[in-house]
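The values are calculated or read from the model by the stated rules, or taken from the named source; none is laboratory data. Values in this document were obtained by computation on a predicted structure and should not be read as measured data. No Cβ is skipped: glycine too gets one built from the backbone with ideal geometry, and neighbour counts run over all protein chains shown. These accessible areas exclude ligands, DNA and RNA; they are computed on the full protein's heavy atoms, side chains included. Shrake-Rupley method; radii C 1.70, N 1.55, O 1.52, S 1.80 Å.
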Amino acid sequence: MTSEELLATRYLWSNGKLLQDQEIALVGGKVAAIRPRGTAPATEVHLATPLLTDLQVNGGGGTMVNGDPTPEGLARIAQAHRALGTGDILPTVITDRPEVIEAAGDAALECYGSTGILGLHIEGPHFSPARRGTHAERYLRPLDRRTVTLVERLRSAGMPVMITLAPERADPALLAALVDSGAVVSAGHSSATADEARVAFGRGVSCVTHLFNAMDQMQSRAPGLLGAAIDSDVMCGMICDGIHVDWTMLRIALAARPASGLSFAVSDAMATVGGPDHFRLYGQEIHVEQGRLVNAEGALAGAHVDLRQSLANLLSHVGLDLQTAVPMVSDIPRRLMGLPPREIAVGTACDEMLLLGPRCERIPLRTASQ
C-alpha cells in the first residue's frame, strides 16, 4: 500500500497567491491533496513554492553556455540549477563570435520544451565599449542583421528569446525588427543617457538587464539609464548577491519603482554554481574569491549565487516580505517572457516543489517516489 506523507506549510505560494497554514498530502511522489492544516504528524515547512525561474544563467555545474553551446551543455547547466531549486532557466550566451552565439541558438532550439530550458538569452555583443564589463572587447559590434535574423528564426519557432543590448548603439530599424519579432529586448551594458533610454523604452525596449551594473550611475543632473529605468514601468532584473549591488541600493531602487511587480531577481550565474570553484572564459581563468567571481585583473566576472540564495537575500538583507520577494524569483520573470506562473496543485510531482525553512534552507522529503 502506498503511504501518505504530509507537509504542514506555514506559507504556500502557488499560481500567484500566498496561502497560509496549508497541508499538502503526497502519495506516490505527487500531490494528492491540498487542504487546511490539520493536527496529524507532518513535516514542518516554512515555505512551499514551485521551482524558481531564472532569466540570466551563463553557466552552472562546471559548464558555460559559451564554452559548450550544445544541447548537452545546456542540459548540464539546467540540471545543476534544478538541483539548487531553479526549475526553469534562460541559458545565457554572452558576447562572442557570431558562430558561437548561433550555435547556442541552435542548441536552445533543440532543447526548447525539455526540462528546464525556457529559451535563450543573448547578452551581447551589441554593447557600449565603455560598459562592456567582463565581455571581450574584440567581439563587440553594433546591432546587425545577422543577430536580428537569428532572433527572428528562434522566435518563428515560438521559442522565448531575450536579447540584451546598448540601445544607444542600435540602428532604429534593426531594433524595431527585434521588437516586432516578439523577443524581449533589454537595455544593458549601456552608456545611454536618460533621454536615450526613454526613447528606447518608447520603441519597445521593455526590460533592463542587471540594474546598476554595467551602466552609468545616477547623478543629480544625469540620471542615465539607471535613473530612467527605476522611474519607468519597464521590467528590471537585479543581481541580489550583495556584491554586485549593495543592499541599501537595492532597497532604494525597489522602493522607488512606480508600481509593484516590475522588478525580478536573476542569478547571472557562472559555471561555479553547482560546480568547481574556477573555470575559463575568453582564455582567462575565473575563480571564486571570498564569494566573488573575479578574473585575472581582479574584476567581477559574473556571479556565484543561485536563485534560492537570492530569495534568501531578498528576505534577510533587503527586508522584503514573502508576498513581494517570492514572485521576484518566480512569477514576475515568467510574466515578462509571456509564460504562465508555475503552481502547486493536485498532481504536481514532488521534484517540482521547493520546500524551505525559515532561512530558506532546503527541507528534504522522506520519500520522493514511494
Overall Cα dimensions of the range 188-289, principal axis frame, Å, largest first: 41, 27, 26
From phi via Karplus (6.51, -1.76, 1.60), per-residue ³J(HN,Hα) for the range 71-77 in Hz, x at Gly/Pro: x, 5, x, 5, 5, 5, 5
Gyration tensor (alpha-carbon) shape descriptor, the range 186-242, a/c threshold 1.5: oblate
Estimated Rh, the chain: Kirkwood, alpha-carbon pairs, angstrom: 20.9 Å
Cα-centred dipole magnitude for the range 53-169, charges only on beta-carbon of K, R (+1) and D, E (-1), debye, nearest 20: 300 debye
Sites D195 and N295, calculated FRET efficiency, Cβ-Cβ separation with R0 41 Å, nearest 0.05: 0.75
Global geometry of the range 132-245, whether rounded, prolate or oblate, following the gyration tensor of its Cα atoms and the 1.5 cut on a/c: prolate
Of A48, T149, A265, farthest towards positive along the dipole that unit charges on Lys, Arg, Asp, Glu beta carbons give the chain: A48
Ordering of 290-299, 165-174 by burial proxy (mean other Cβ atoms within 10 Å per residue, highest first): 165-174, 290-299
Sulfur and carbon atoms: percent of accessible area, the chain [1.4 Å]: 50 percent
Distant-in-sequence amide H partners of S186 (H built 1.01 Å from N, under 5 Å): I163, T164, L165
The range 230-370 - Kirkwood radius from inverse mean 1/r over Cα pairs (Å): 16.9 Å
Neighbourhood net charge (15 Å Cβ-Cβ; Lys/Arg +1, Asp/Glu -1) for L109: -3
Cα-projected label distance for H317 with A173, points at 7 Å along beta-carbon direction, nm: 4.6 nm
Cα long-axis angle, helix 98-111 against the chain (0 to 90 degrees, to the nearest 10): 20 degrees
Test item: Cα-centred dipole of the chain, Lys/Arg +1 and Asp/Glu -1 on Cβ, debye: 420 debye
Amide H contacts of A265 (H built 1.01 Å from N, under 5 Å, at least 5 apart or other chain): M238, V329
Inverse mean reciprocal Cα-Cα distance (Kirkwood Rh) of the range 251-327, Å: 14.1 Å
Average accessible surface area per residue within the chain, 1.4 Å rolling probe, Å²: 40 Å²
Prolate/oblate/rounded label for the range 53-124 (Cα gyration tensor, a/c 1.5): prolate
Distance in nm between pseudo-label sites at A349 and R97 (7 Å out along the Cβ direction from Cα): 3.8 nm
Difference of contour (0.36 nm per residue) and Cα-Cα distance, A259 to E44: 74.0 nm
Karplus-derived 3J(HN,Hα), 6.51/-1.76/1.60, for each residue of the range 257-272, Hz, glycine and proline x: 5, x, 7, 7, x, 10, 10, 9, 9, 10, 7, 6, 5, 10, 4, 6
